[in-house]
Amino acid sequence: MGKKAIIVLAAVCMALTFTAGIICAGSTVKDVIPLKTPEYAEHTKGIIEFSHKKHAAEYGASCGDCHHDDKGKPLDLKEGDSVQRCVECHKETGKKPKGEKLKKKEKIMKYHKEALHANCIGCHKDFNKKSGFKKNDPKAAPTTCKDCHPKKEK
Ligand code: HEC
Ligand code: HEC
Ligand code: HEC
Ligand code: HEC
């Protein structure tokens, strides 16, 4: 899925470059961001090639659906604005110690993985529900581990 998206984007870029002379490279945010936060000692799951541009341009998400300030308030961003990385606030990339009792909100605040899962899966579930998609619908936004994390190769 990730690879396909890149190939499609590359093809679109090439077509534009040839027909209109538009240069696609060099925009501030990469169209596809591999979500591989380096603070993790190890990634146990496959890395997601996150189609940042498609989410903002085609899937109807606004910047503030994902980027917020230090109070959690959605940010009103425009193209070219810089953002803080999620891990700067949702800092913990280690494993949750056994027996640690946290409320859901506290877990999301503390653990990077929980924050990302809540954000991504939360919206995908809402979207699928609104669209009437069942879990296995090929058009559904991914909500299961294997649909989101590609199979690990190395
Ligand atoms: C909607 C997409 C999505 C789904 C569904 C999802 N994840 Fe993730 N997961 C992410 C993202 C994004 C990260 C953050 C990766 C990063 O920034 O390094 C992440 C991080 C992780 C991490 C920490 C990094 C690592 O590789 O060890 C683990 C463990 C993990 N996910 C396990 C799971 C499991 C288990 C499931 C199913 C119960 C699941 N994920 C479902 C998107 C998803
Ligand atoms: C669906 C969620 C989502 C939407 C919508 C979204 N972003 Fe992002 N954006 C992310 C994630 C996740 C990252 C990676 C953050 C990290 O590494 O911690 C990111 C990264 C970025 C970066 C840093 C890119 C880099 O290569 O370092 C910028 C700048 C940015 N986003 C701006 C925007 C702007 C402006 C909008 C609206 C036009 C937007 N984003 C919409 C989720 C989103
Ligand atoms: C500047 C610090 C900061 C950054 C950067 C940040 N967050 Fe947060 N986030 C917060 C705070 C503070 C809250 C808690 C708000 C509250 O308690 O209502 C929060 C809450 C959340 C929640 C829970 C929302 C809810 O309504 O329950 C999710 C999910 C989340 N963040 C995901 C992300 C993702 C994904 C990124 C990166 C794209 C990110 N955060 C970047 C500070 C940050
Ligand atoms: C505000 C809503 C929203 C958020 C937040 C969101 N997504 Fe999505 N995402 C969508 C929608 C809608 C689709 C399905 C679009 C379609 O199929 O028409 C989608 C599709 C996808 C797909 C499959 C299609 C593709 O572009 O590769 C992946 C993978 C994905 N999202 C990953 C993520 C990850 C990882 C995050 C968190 C960093 C995330 N999404 C956050 C709305 C969202």
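As a footprinting exposure proxy, order 49, 42 by other Cβ within 10 Å, with the fewest listed first.
If I rank by nearby Cβ atoms, fewest first, I get 42, 49.
For residue 127 and residue 75 in the same chain, what is the full-extension length gain: residue separation times 0.36 nm, less their Cα-Cα distance, in nm?
16.6 nm
Multiply the residue separation of residue 44 and residue 110 by 0.36 nm, subtract the distance between their alpha-carbon atoms, and state the gained length in nm to one decimal.
Stretched fully, the residue 44-residue 110 segment lengthens by 21.8 nm.
Rank-order 112-118, 65-71 by packing density, defined as the average count of other C-beta atoms within 10 Å over each peptide's residues, highest first.
112-118, 65-71
Could you give each residue of region 117-124 its phi-based ³J(HN,Hα) in whole Hz, using Karplus coefficients 6.51, -1.76, 1.60 with θ = phi - 60°, and x for Gly or Pro?
Coupling constants for region 117-124: 4, 4, 5, 5, 5, x, 5, 4 Hz.
Tell me, 143, 44 in order of fewest to most beta-carbon neighbours within 10 Å?
44, 143
Rule-based calculations on the coordinates, nothing more; no lab input. Model, not experiment: these values are computed from the prediction. Cβ coordinates were reconstructed from backbone atoms using ideal geometry, including for glycine residues, and neighbour counts include every protein chain displayed.
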